[in-house]
Each structure stands twice: as structure tokens, then as C-alpha cells.
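Reviewing the structure listed below.
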Amino acid sequence: MAEAAAILATARTRVLEEGVGLDEAQVLEVLRLPDEALDDLLQLAHDVRMRWCGPEVEVEGIISLKTGGCPEDCHFCSQSGLFASPVRSAWLDIPALVEAAKQTAKTGATEFCIVAAVRGPDARLMAQVAAGIAAIKDEIDINIACSLGMLDQEQVDQLAAMGVHRYNHNLETARSHFPNVVTTHTWEERAETLRLVREAGMEVCCGGILGMGETLEQRAEFAAQLAALTPDEVPLNFLNPRPGTPFGDLEVLSGPDALRSVAAFRLALPRTVLRFAGGREITLGDLGARKGLLGGINAVIVGNYLTTLGRAAESDIDLLGELQMPIKALNDTI
Ligand code: SF4
């Protein structure tokens, strides 16, 4: 435990006091901390979040405009059309999209993310997104984010012109592990889309999924690669092994490992919006939201995830009240 105390003391000085994120080797040390040090680690991650991000929690809603039937082979994803997964291809219409945005805004959320299961958008999808955004902006005051796969320069420019303020594109995992997860495109192709998004002035949202067979070294590598990108937001997912996908038989990350990872990523990214995305129910159970929000997380998704049910919106919103963490207001974000 003396060694653990020394690792935490170094992290305290560097991250909490100086505001500098841990480097890859230091993140690895944190990921290797024993369970007995977990409470102290979570407290430090929470202190870092409070000091460098403040008590506000960003609440986001997410809606799938086009579900399933994706041509890519991301081994964790039940929306790939290449696996025997239960998700069928389906499109949402514009009135349903606007209604979802309204419901999201009612929870106090400031972000509404439109997602499509595609390699990249085609002309039909771009037209749908344009119509959807215009219809939402007509009726609701909310920031709009998109997650539509890989983009070219023209598409980036079009989305920026539509007023998309944040674009999500996950690097998913460490560069060294990516070929074990996806074979139909490369990590570098994903990174290129992120570069274009940043250059166009949109906020960059980039995270990934933990528990996809990566080693602790690769988890630390991933944290360092994300930190190098300086994203505005990092959504952290935990693998929820979906039947019919190549990762369907992988073991679920243990609760302590999930929490240790969240804290380690917070220490690598002291100022980033760190969001709990999918899978927290299965790794952390009902206590997951509470523990995460007291261990470095400062953003949550309300309502349904893309392909599996998340916690109900009300329970998360109630929890924020109980923890005395205010919901970030819209005028703070624009
Ligand atoms: S993660 Fe995205 S790109 Fe990969 S298969 Fe799923 S929907 Fe397609």
C-alpha cells in the first residue's frame, strides 16, 4: 500500500494541484492499483473533476436516426449488418426526431446527439440530417451533436454550416488494439475525420469502449492517445457483450476495474467532459451512476442508449439533485 500511496500522491500533485494530466506510464500505474486503494483513487478523481471542471453535469440525449445494417465489422457492435445480431435496419422520421429532441430538452439536457449506424453518411442521410436539424432548431433551444461515421471535407463543411456544434467519432480503443476490433477501416481513418472536425471549428467528442480484450497497457495507451487529441468530450463505454457479435462471449469488466478505469481516464484528462455512455448498468449495477459521478464522471446520457436500454432519465436526474450537482445550463455551453 505504500507504493499505492506514492502513486496517488504523485497524481495529486500533478493533476489536482497543477492541472496536468497523467502520462501513459502514470495511467498504467493507476490502472494497476489494488482494490484497497480504489476509494482513495475515486476520491482523487472526484476532487480533480470538481477543481478543473466544476460541479455541473452535462446531460445529453441521444437518438438513432438510422439503426442497424451497417457495412462495417466493429466486433462489439450489434448494428453491424455482417453479424447475426438482432438489430434490424430502420430509419426514424423527422417528426419522431423532433419529438425526441423535445423530450430530451424537458429533462434539462443541453445536448441532443443524432446518431446513424453507417460507415459514413451518404447524400440521403445528409439530407435527412439537414432537414432534422432545421426542424429541431425551429422548435427547441438545444445544442445539436451528430455521430454519422467517417466524413470527408465537404460533409464536415456541410455539418458545420447546419450548426452542428459537436461531432462524435470514437477511436474505440488503443491504436495497437484496433485491428483486433475492426478490420473494415483503420484507426488512422477515424483520426483523420476527427482532425477535419476540429479544423472546421466543431467540438470534438471522442471516446471508446473498455473491456474489449485490451491489456491494461493498451488501456493506458488509449487514455494517452485520447489526451493527445484534447477532445472536448470523452464518452466512456464498457463492453456489453451482445449475442451474435464476435465479442458476444467476452467477459464483462468487473465493477472495480470499470471504476478504476474511469478514475484513470479522469486523471489523464482533467478538464474534459467525461461521459458515462453505454454499459455501466452491467458492470456497475444500480450504484454505477452514483459511484461514477463521485469518481470523475461529469456527464450522463438520459434515456435509451442506441441498442440496449439504459437507466430511465428520471432516475439520473433525481440522482444529480441528490448529489447536489447542478445540470449544466445551455448558456454555459454556447
Ligand atoms: S460501431 Fe458504427 S461503424 Fe462500427 S459497425 Fe457499429 S454502427 Fe457500424
Would it be correct to say that R219 is more than 15 Å from the ligand (Cβ to nearest atom) and in contact with a Ser or Thr (Cβ under 7 Å, 6 or more places away or on another chain)? yes
Against the condition within 22 Å of L8 (Cα to Cα) and part of a loop (DSSP other than H, G, I, E, B), how does R271 come out, does it pass? yes
Check whether at least one residue in region 88-106 is within 16 Å of N168 (Cβ to Cβ), at pLDDT 85 or above and basic (K, R), and report yes or no. no
Across region 1-49, the tally of residues that are under 14 Å from R266 (Cβ atoms) and either aromatic (F, W, Y) or loosely packed, with under 13 Cβ neighbours inside 10 Å (or both) stands at 2
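So that you can scan it fast, the table gives a plain yes or no per residue for (1) closer than 16 Å to R266 by Cβ; (2) at pLDDT below 75; (3) surrounded by fewer than 16 Cβ atoms within 10 Å (Cβ to Cβ); (4) among the acidic types (D, E):
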site	(1), (2), (3), (4)
K291	yes, no, no, no
G296	yes, no, no, no
T307	no, yes, no, no
D332	no, yes, yes, yes
All-but-one check, L239 against (1) over 28 Å from V156 (Cβ atoms); (2) more than 16 Å from the ligand (Cβ to nearest atom); (3) in contact (Cβ under 8 Å) with a residue 12 or more places away in the chain, failing number (2)
Does region 154-161 include one or more residues that are modelled with pLDDT under 95 and at negative phi? no
Checklist (1) closer than 23 Å to P179 by Cβ; (2) at pLDDT below 80 applied to E251, failing item: (2)
So in region 133-148, with the set limited to residues that are within 16 Å of the ligand (Cβ to nearest atom) and of a type in the set (A, V, I, L, M, F, W, C), which one is farthest from L330 (Cα to Cα)? L148
Name, by its number, the condition in (1) within 12 Å of N170 (Cα to Cα); (2) at pLDDT below 95 that does not hold for E189. (2)
Among L125, L151, the single one that is touching a helix residue (DSSP H, G or I) at 6+ places or on another chain (Cβ under 6 Å), within 16 Å of the ligand (Cβ to nearest atom) and either among the charged types (D, E, K, R) or not in a strand (DSSP E or B) (or both) is L151
Among the residues of region 70-121, what is the count of those that are surrounded by 16 or more Cβ atoms within 10 Å (Cβ to Cβ) and within 11 Å of the ligand (Cβ to nearest atom)? 19
Here is a check on your reading of the model: is R195 more than 16 Å from the ligand (Cβ to nearest atom) and closer than 20 Å to C74 by Cβ? no
State which residue is nearest to the ligand (Cβ to nearest atom) when the search covers only region 53-69 and only residues that are within 19 Å of R275 (Cβ to Cβ) and among the charged types (D, E, K, R). E60
Given V156, V164, V197, which one is crowded, with 21+ Cβ neighbours inside 10 Å, out of contact with any Ser or Thr (no Cβ under 6 Å at 6 or more places or on another chain), assigned to a loop (DSSP other than H, G, I, E, B) and not charged (D, E, K, R)? V164
Search result, residues across region 11-35 that are free of Cβ contacts under 8 Å to residues at least 60 places away in the same chain and under 21 Å from P256 (Cβ atoms): R12, E29, P34
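The values are calculated or read from the model by the stated rules, or taken from the named source; none is laboratory data. Just so you know, these numbers come straight off a predicted model, no measurement behind them. With ideal geometry, Cβ positions are generated from the backbone for all residues, glycine too; neighbour counts draw on all protein chains shown.
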